[in-house]
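Below is one structure; the comments refer to it alone.
What follows is calculated from the coordinates using simple rules that are stated; it is not laboratory data. Everything quoted here is computed from the prediction, not taken from an experiment.
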Ligand SMILES: Nc1ncnc2c1ncn2[C@@H]1O[C@H](COP(=O)(O)OP(=O)(O)OP(=O)(O)O)[C@@H](O)[C@H]1O
């Protein structure tokens, strides 16, 4: 992770993603408060924090679904703060997923990918891209199955395939491991590393710390909308402010919130 705010506006830095002082208010509630971070091309950056910390709101701002109350979003060095989502997808090649799987239920796996390929990068070579991604994610044997008839883990994989056919420069993933088994999380980690190795920049909101430890170079930790720590997964896991946020009892947490301790499952 680079020091926030070190780049000059207008300097083209392909594949980078940067938040500069993002604040987002909902009435009297400040969901995201002056958050800055910068992710280099081909890096996987984790956004972690307890429930309600502001992670999804931050992704919504980065992906153009919500306007920030103040602050700026730069993709590839370009100020895209006021760009709507569809422009971000087409022009900045920024693609996101949501906490819940959103596939077209009446379509096959291949059709889901074909729609994404055509609506993002256009019809040229769409068919080849779809077939290539189906093979890369070992979905070719399931290509003609109705997408929503697949197991939940496979639907998540189709969702990731749909991201890849868009040939993204920057990918925002909102809890992609939610509902996956340890084995499926392991496979997801492999897919994310492959994405990173091909030069895609990934911003990953995730509660499963085994996945964060396995794939993220750097992390930003939020609590009550504010950055409370940044660094490698190992560094933030040991940070007293992070331990306090998860364990200190200031939140009334749901029992399933994972405390950030590495499990070593992915190693
Ligand atoms: N549209 C909205 N209107 C009002 N308040 C909102 C809205 N969206 C989010 N919030 C509030 O903003 C805060 C941050 O929510 P957000 O969903 O971004 O947190 P999160 O870290 O993604 O949580 P989780 O891990 O549970 O998904 C919460 O207090 C939430 O209730």
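Using only Cα coordinates, the Kirkwood hydrodynamic radius of region 1-136 works out to 16.5 Å. How much length would be gained if the chain were fully extended between residue 193 and residue 107, taking 0.36 nm per residue of separation minus their Cα-Cα distance, in nm to one decimal? Going from the current span to full extension adds 28.1 nm. Using the Cα coordinates of region 101-167, the gyration tensor eigenvalues translate into equivalent-ellipsoid semi-axes of 18, 12, 10 Å, sorted from longest to shortest.
Using only alpha carbons, the chain has a radius of gyration to Kirkwood radius ratio (Rg to Rh) of 0.96. When you restrict to C-alpha pairs under 8 Å that are six or more residues apart and normalise by the size of region 1-144, the relative contact order lands at 21 percent.
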